[in-house]
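Asker: This is the structure I have questions about; it appears just below.
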Amino acid sequence: MIIAGNWKMFRGPDPHALAGLDAIVCPPFTRLRACVEAGLTTYAQNVHWEPEGAYTGEISAPMLLEIGVTGSLVGHSERRQYFGETDQTVALRVRGALGAGLRVIACVGETQAERERGETEDVLRRQLEVLEPHPDLVLAYEPVWAIGTGLTATPEIAQEAHAFIKSLLDAPVLYGGSVKPDNAEGLLSQPDVDGALVGGASLDAESFRAICETGARIRS
Ligand code: PGA
């Protein structure tokens, strides 16, 4: 069971309040070192594919590894929606990061309009066909309509999507999209849900801890 907290562009909780937690935290770049120093398994929220170069505003895998960062998110829907990330740049970032020795959580998921048009499987197929299995690659299914909206996918919807994703690419699949302490149990109990990527509820140490405890109870 893998529980990861995506702090997005929020300062997030005091890393020491999370000490001892069996979880991944994904803080903003400026908080990475504090999380590493607090002993947390720490991932960045994005990473460039080149080790260095003239890429203003980007951070490379060797730079992250140098300060003790373990992995990175790649292809979060907010990167795709607001910052022009495409399936091709996601593939480059995933390949570059894995090649440099970082672990990766690669995010996929359909928008509300795509789901309503019955295109969910086509979208997932398109997003996944650019990726290859790797021992350090984990996927996150994050339906865009469930992110930050309080609209969680039902456990059945999540299970169906996770099983489909695994039929295309052999990797653990986390569910993300409005995971909270009170809905974590139903989602994490599904056979193909291997963990959660938690946004809003990871900003509060107590609710993040509660979700981690639910995960540990289910797979113990
Ligand atoms: P949310 O975010 O839990 O706030 O919906 C999840 C994510 O974007 O990773």
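The values are calculated or read from the model by the stated rules, or taken from the named source; none is laboratory data. This structure is a prediction, so every number in the text was calculated from the model and none was measured. Neighbour counts run over all protein chains shown; Cβ positions are idealised from the backbone, glycine included. Surface areas here come from the heavy atoms of the whole protein model, side chains and all, with no ligands, DNA or RNA. Shrake-Rupley method; radii C 1.70, N 1.55, O 1.52, S 1.80 Å.
Asker: Only one of these is under 30 Å from residue 132 (Cβ atoms), more than 9 Å from the ligand (Cβ to nearest atom) and either more than 16 Å from the chain's Cα centre (by Cα) or of a type in the set (A, V, I, L, M, F, W, C) (or both): 146, 153, 184, 210. Name it. Walk me through it before giving the result.
Answerer: On the way: 146 fails: more than 9 Å from the ligand (Cβ to nearest atom); 184 fails: under 30 Å from residue 132 (Cβ atoms); 210 fails: under 30 Å from residue 132 (Cβ atoms).
Exactly one residue qualifies, and that residue is 153.
Asker: Here's something else I'd like to know. Of the numbered conditions (1) open to solvent by less than 10 Å² (accessible area, probe 1.4 Å); (2) touching a Gly at 6+ places or on another chain (Cβ under 7 Å); (3) within 21 Å of residue 180 (Cα to Cα), residue 77 fails exactly one; give the number of that condition.
Answerer: (1)
Asker: Then there's this: Take the residues in the range 11-20 that are touching a Gly at 6+ places or on another chain (Cβ under 9 Å) and not in a helix (DSSP H, G or I), then tell me which one is nearest to residue 205 (Cα to Cα).
Answerer: By that ranking, first place goes to 13.
Asker: Next question. So, in the range 63-115, of the ones that are within 16 Å of the ligand (Cβ to nearest atom) and among the acidic types (Asp, Glu), which residue ends up nearest to residue 166 (Cα to Cα)?
Answerer: The residue in question is 110.
Asker: Need pairs with beta-carbon distance below 6 Å; first residue open to solvent by 50 Å² or more (accessible area, probe 1.4 Å) and within the range 147-160, second within 16 Å of the ligand (Cβ to nearest atom) and of a type outside the set (A, V, I, L, M, F, W, C); sequence gap 6+ or separate chains.
Answerer: Sorted first by the residue in the range 147-160, then by its partner, the pairs are 150/178.
Asker: While we're on this one: When only residues in the range 1-45 that are at positive phi and within 16 Å of the ligand (Cβ to nearest atom) count, which is nearest to the chain's Cα centre (by Cα)?
Answerer: Filtering the range 1-45 for residues that are at positive phi and within 16 Å of the ligand (Cβ to nearest atom), the one nearest to the chain's Cα centre (by Cα) comes out as 8.
Asker: Given the criterion open to solvent by 10 Å² or more (accessible area, probe 1.4 Å) and at pLDDT 95 or above, identify the matching residue among 116, 110, 213.
Answerer: Values: 116 fails: at pLDDT 95 or above; 110 fails: open to solvent by 10 Å² or more (accessible area, probe 1.4 Å).
Result of the check over 116, 110, 213: 213.
Asker: Those residues that are part of a helix (DSSP H, G or I), within 17 Å of the chain's Cα centre (by Cα), within 13 Å of residue 77 (Cβ to Cβ) and aliphatic (A, V, I, L, M), I need them from the range 96-130; list them, please.
Answerer: Within the range 96-130, 124 is the sole residue that qualifies.
Asker: Let me ask another. Do we have any residue at all in the range 195-211 that's part of a helix (DSSP H, G or I) and basic (Lys, Arg)? Even if it seems obvious, please write down each step before you answer.
Answerer: First, pick out the residues of the range 195-211 that are part of a helix (DSSP H, G or I): 200-202, 205-211.
Filter again for basic (Lys, Arg), leaving 209.
Yes, there is a match, as at least one residue in the range 195-211 is part of a helix (DSSP H, G or I) and basic (Lys, Arg).
Asker: Still on this model: Take the conditions more than 17 Å from residue 177 (Cα to Cα), surrounded by fewer than 19 Cβ atoms within 10 Å (Cβ to Cβ) and within 14 Å of the ligand (Cβ to nearest atom) and apply them to residue 55. Does it pass? Working first, answer last.
Answerer: Details: more than 17 Å from residue 177 (Cα to Cα): yes; surrounded by fewer than 19 Cβ atoms within 10 Å (Cβ to Cβ): yes; within 14 Å of the ligand (Cβ to nearest atom): no.
Judged against the criteria, residue 55 is not a match.
Asker: Moving on. Just need a number here: residues in the range 47-97 that are touching a residue at least 40 places away in the same chain (Cβ under 8 Å), among the aliphatic types (A, V, I, L, M) and in contact with a helix residue (DSSP H, G or I) (Cβ under 9 Å, 6 or more places away or on another chain).
Answerer: Qualifying residue count, the range 47-97: 5.
Asker: Go through (1) assigned to a helix (DSSP H, G or I); (2) buried (at least 18 other Cβ atoms within 10 Å of the Cβ) for residue 34 and report which single condition fails.
Answerer: Unmet for residue 34, out of (1) assigned to a helix (DSSP H, G or I); (2) buried (at least 18 other Cβ atoms within 10 Å of the Cβ): (2).
Asker: Restricting to the range 156-178, count the residues that are in contact with a Gly (Cβ under 8 Å, 6 or more places away or on another chain), outside any strand (DSSP E or B) and either within 11 Å of the ligand (Cβ to nearest atom) or β-branched (Val, Ile, Thr) (or both).
Answerer: The qualifying residues number 2.
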